[in-house]
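A quick write-up on the structure given underneath.
The values are calculated or read from the model by the stated rules, or taken from the named source; none is laboratory data. Keep in mind that what you see is a predicted model, and the values were worked out from it rather than measured. Using ideal geometry, Cβ is built from the backbone for each residue, glycine included, and neighbour counts are taken over all protein chains shown.
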Amino acid sequence: MARARKVTISTDEHGHTAGWAASGPDAPPTAPARTDPCAAAFFDVDNTVMQGASIYWFARGLAARNYLTTGDLARFAWQQLRFRVLAVEHAGSMSRVKEAALAFVAGWRVEDVERLTEEIFDELMAPRIWAGSRALAQQHLDAGQRVWLVTAAPVEIGRIIAARLGLTGAIGTVAEIRDGAYTGRLVGDLMHGPAKADAVAQLAAVEGLDLDRCAAYSDSANDLPMLSAVGRAVAINPDGTLLRHARERGWSVHDFRTGRKAARIAVPSTVAAGLVAGAVTAGLAMRRRRLTR
């Protein structure tokens, strides 16, 4: 087995654990009578829990508030589709993605991102939550198990989504924070591909979880490392490669897309949350100061 990469674990100035974060006071209490402390479920977000990419809907919400132009948004949507369809994931591309992620968060106040995410979730993300995926997550909660989101989006966005859905918490890409603002540097890797499996394994060690009793859900073959790390893997709205793997390995498959192909979804997920900056960095740089006014 390949040696797992270390995922940085630290606490930010708000008292949140970087890398993964409990969903906070908005989360309902766990039913004490049926707790299962050694089991949990891990859900990818984009196209698994919600239609499209959470970071795309965040950008849509920013555009509606005049932080981005419609041209910025159109270029971003096109790059999402291009990277999804062409599956550009070699080292050079991922390096550019990481650089883009840094540009996206630099200078933003954490409190502003969290406030906007709450507003935009209610407006644009909530109507796009797959009811089937939400029901699967609820089954784990009803069994007294913890449920974590695992996303390439910034962990602050993942935390808000988890809180709104009443889940335990989120694992996401961590941006360095100084004096309440993002520095533009990442802490560790983008939460993508093998990094998700590494983070899940480390969270399991911290939380006392038995991965053989855990489940993982995803739509993408990019998440095969995470799916293979748990006792029960489930393909949700799978791409072609994941569907083949699921059939070969006898994994459960659920498709909530009413016949649509993954490539035809209007806002497909990106290879990593940092792709947002590849298209909208210029617009954000011009409008970033409005967030603090």
Somewhere in region 184-200, is a residue of a type in the set (G, A, S) and more than 18 Å from A152 (Cβ to Cβ)?
no
Could you check A106 against (1) touching a strand residue (DSSP E or B) at 6+ places or on another chain (Cβ under 6 Å); (2) crowded, with 22+ Cβ neighbours inside 10 Å; (3) of a type outside the set (V, I, T) and say which number it fails?
(2)
Checking the conditions here, which among V267, V253 is among the hydrophobic types (A, V, I, L, M, F, W, C), over 20 Å from K196 (Cα atoms) and at pLDDT 95 or above?
V253
Which pairs turn up if I take residues in region 193-208 that are under 18 Å from D219 (Cα atoms) and look for partners that are of a type in the set (S, T, Y) and surrounded by fewer than 23 Cβ atoms within 10 Å (Cβ to Cβ) with beta carbon separation below 8 Å, at least 6 apart in sequence or on another chain?
A197/S228
Failed item, numbered, when A163 is tested on (1) out of contact with any Gly (no Cβ under 8 Å at 6 or more places or on another chain); (2) surrounded by 18 or more Cβ atoms within 10 Å (Cβ to Cβ)
(1)
Out of all the residues in region 105-123, which are at pLDDT below 90 and within 17 Å of the chain's Cα centre (by Cα)?
V105, V113
Give R134, R185, R159, R115 a once-over and let me know the one that is outside any helix (DSSP H, G or I) and among the basic types (K, R).
R185
Can you work out which of the residues in region 188-205 that are part of a helix (DSSP H, G or I) and modelled with pLDDT under 95 is nearest to G169 (Cα to Cα)?
A195
Of the residues that make up region 131-150, is at least one free of Cβ contacts under 8 Å to residues at least 40 places away in the same chain and under 20 Å from A53 (Cα atoms)?
yes
Tally, over region 137-156, of residues that are in contact with a strand residue (DSSP E or B) (Cβ under 8 Å, 6 or more places away or on another chain) and part of a helix (DSSP H, G or I)
5
Among G172, G193, G158, the single one that is in contact with a Pro (Cβ under 7 Å, 6 or more places away or on another chain) and closer than 23 Å to G132 by Cα is G172
Can A195 be described as aliphatic (A, V, I, L, M), touching a Lys or Arg at 6+ places or on another chain (Cβ under 6 Å) and over 16 Å from A53 (Cβ atoms)?
no
With the first residue restricted to region 220-241 and required to be closer than 17 Å to G132 by Cβ and outside any loop (DSSP other than H, G, I, E, B), and the second required to be modelled with pLDDT of 95 or more and β-branched (V, I, T), Cβ contacts under 9 Å at 6 or more apart or on different chains are V234/V253; A235/V253; I236/T48; I236/V49; I236/V253
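The rows are residues; the columns are (1) farther than 21 Å from A40 by Cβ; (2) touching a Leu at 6+ places or on another chain (Cβ under 7 Å); (3) of a type in the set (D, E, K, R).
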{"residue": "A126", "(1), (2), (3)": "yes, no, no"}
{"residue": "H140", "(1), (2), (3)": "no, no, no"}
{"residue": "G144", "(1), (2), (3)": "no, no, no"}
{"residue": "I160", "(1), (2), (3)": "no, no, no"}
{"residue": "A204", "(1), (2), (3)": "no, yes, no"}
{"residue": "E207", "(1), (2), (3)": "no, no, yes"}
When you look at W130, is it under 16 Å from D46 (Cβ atoms), of a type in the set (F, W, Y) and either surrounded by fewer than 23 Cβ atoms within 10 Å (Cβ to Cβ) or out of contact with any Cys (no Cβ under 7 Å at 6 or more places or on another chain) (or both), yes or no?
yes
